[in-house]
Amino acid sequence: MPAADRTAPVFHQVPIELGDRSYPINIGTGLLGDASTWTQVPRAAQGLIVTNTTVAPLYAAVLERAIEVRHDQVHVVVLPDGEAHKNWQTLNLIFDALLQHGCDRKTVLYALGGGVVGDMTGFAAASYMRGVPFVQVPTTLLAQVDSSVGGKTGINHPLGKNMIGAFYQPRLVVCDLDTLQTLPVREFSAGLGEVIKYGPIADTDLLDWIEANMGRLVRRETAALAHAVRRSCEIKACVVGQDERESGLRAILNFGHTFGHAIEAGLGYGEWLHGEAVGCGMVMAMQLSQRLGLVDGAWVERVTALLRQAGLPTVGPGLGADRYLELMRVDKKAEAGQIRFVVIDRPGSATVRTVPDTLVREVIDSCCRPA
Ligand code: NAD
Ligand code: GLY
């Protein structure tokens, strides 16, 4: 990365407009350790940083020092790392810490980490004393462009991904782009998948931009990261602002997730990364869209090629069509046992549809390894 790129300070603010639950997403460099970043956080006697065994040694001390001005006491709880730990047992470690420290209902929770920490911390904040304030401090690309924004919180159940949770908005989201420099390559690719997602469903200009700037993104140039995170957050903010609780439009953000969640649950959580499963799920959802006559093969191949360039798998695991269908019936979009898919109705626009099983089987057979 050029030295100039590293040192040039960057700051963008994207508002999430939700009436009295509105909040800003602050995107920039050098934010984590800067006390002025945290002046919007409510003052409270106690703050609790929730993080994990990987992120704590990298960033917990910096955040702890920076937020000391907002709280008399700052505690840190360190969770085991990984999707396999996104469950009741790990969630209870957050409640244990809150209760052991005698935290009151003004206590502020800080989710320092990727989407797993963010989803669990948000759910803990939604439930502790029936709701305490929380701040998202996402440190993965996936969390900065998607999971930290919009208030979906929760945990997995062995029978279904993210099936237990709450809509609960943070007070602030702080995306420090510098933290993305320590992300393992595979995790970074998983995040790129979620950036690419916004192209087919909402913004073909973004798709053109990613195509032209994939090299800069993969090199993690700050200016390119800033654009990708900002544009992704703008699109997500626009969707969430119209449909916070997913009564309609917000479902388009789940493009690729129906197939993706089946891959995650079918292989066992953590085997494929969430972003990898969703990336491959997008290929499957695009092929479904093509079989429905909504988009052409050249366009499907264009987006598939981008996912490949981002380092994501584009061939699904061989779970077998029966198992895929069984797993997909547990999807939150399913109604009366009918699976509903997000499909592309034209490049840059998505919709939700029920699709005959025969078509879904065809897609699974053509996109996945043999069972
Ligand atoms: P993750 O939280 O597991 O983080 C990925 C890995 O990177 C972990 O090992 C983590 O410890 C490590 N890590 C985090 N930041 C790091 C850094 N800066 N440097 C080095 N390592 C770092 O995974 P994720 O991809 O961030 O999030 C996936 C989760 O998000 C899934 O559980 C998914 O269901 C959820 N999700 C939620 C929403 C939502 O709207 N709430 C949206 C999309 C995804
Ligand atoms: N990631 C999907 C959503 O937030 O709705």
Could you tell me what a quarter of the Cα convex hull surface of region 27-96 works out to, in nm² with one decimal place? 5.4
Using alpha-carbon positions, what is the distance between the centroids of region 52-128 and region 276-297, in Å? 37
So how much slack lies between Phe167 and Ser366, counting 0.36 nm per residue of separation and subtracting their Cα-Cα distance, in nm? 68.0 nm
Determine, for Val116, Val330, the number of other Cβ atoms within 10 Å of each Cβ, and report the residues in order from fewest to most. Val330, Val116
Could you rank the peptides 274-280, 263-269 by their average count of other C-beta atoms within 10 Å per residue, with the highest value first? 274-280, 263-269
P(r) of the chain over all Cα-Cα pairs, binned every 10 Å from zero, in whole percent: 5, 26, 34, 24, 9, 2, 0
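What is the order of Glu194, Glu326, Glu221, fewest Cβ neighbours within 10 Å to most?
Exposure proxy ranking, most exposed first: Glu326, Glu221, Glu194.
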Helix runs (DSSP H) in the chain reaching 27 Å along axis by Cα, Kyte-Doolittle at least -1.0: 222-242
If you add up the charges near Val240, with Lys and Arg at +1 and Asp and Glu at -1, over every other residue whose beta carbon is less than 14 angstrom from its beta carbon, what do you get? -1
Estimated translational D of region 1-149 in µm²/s (Stokes, Kirkwood radius over Cα pairs; 10 °C; 1.306 mPa s): 100
Between Arg353 and Leu292, 0.36 nm times their residue separation minus their Cα-Cα distance comes to what? 20.9 nm
Once you keep just the Cα pairs under 8 angstrom separated by 6 or more residues, what percentage relative contact order results for region 229-302? 23
Fully extended, how many nm does the chain gain between Leu325 and Arg105 (0.36 nm per residue separation, minus their Cα-Cα distance)? 74.9 nm
Per DSSP H run of at least 4 residues, take -39500 (n - 2.57); add these up for the chain, divide by its residues and hand me the 222 nm value, nearest 500 deg cm²/dmol. -13000 deg cm²/dmol
Residue among Pro80, Ser147, Met129 farthest towards the positive dipole end of the chain, charges placed on Cβ: Met129
Beyond 19 Å, how much of the Cα-Cα pair distribution for region 54-132 remains, as a whole percent? 34
On a straight-distance basis, which lysines could pair with Lys333 in a cross-link, Cα separation under 19 angstrom, same-chain partners fewer than 8 positions away excluded? Lys152, Lys161, Lys197, Lys236
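Bear in mind that the values in this text are calculations on the coordinates, not laboratory data. Being a predicted model, the structure only gives us computed values, none of them experimental. So basically every Cβ, Gly included, is an ideal-geometry build from the backbone, and we count neighbours across all protein chains shown.
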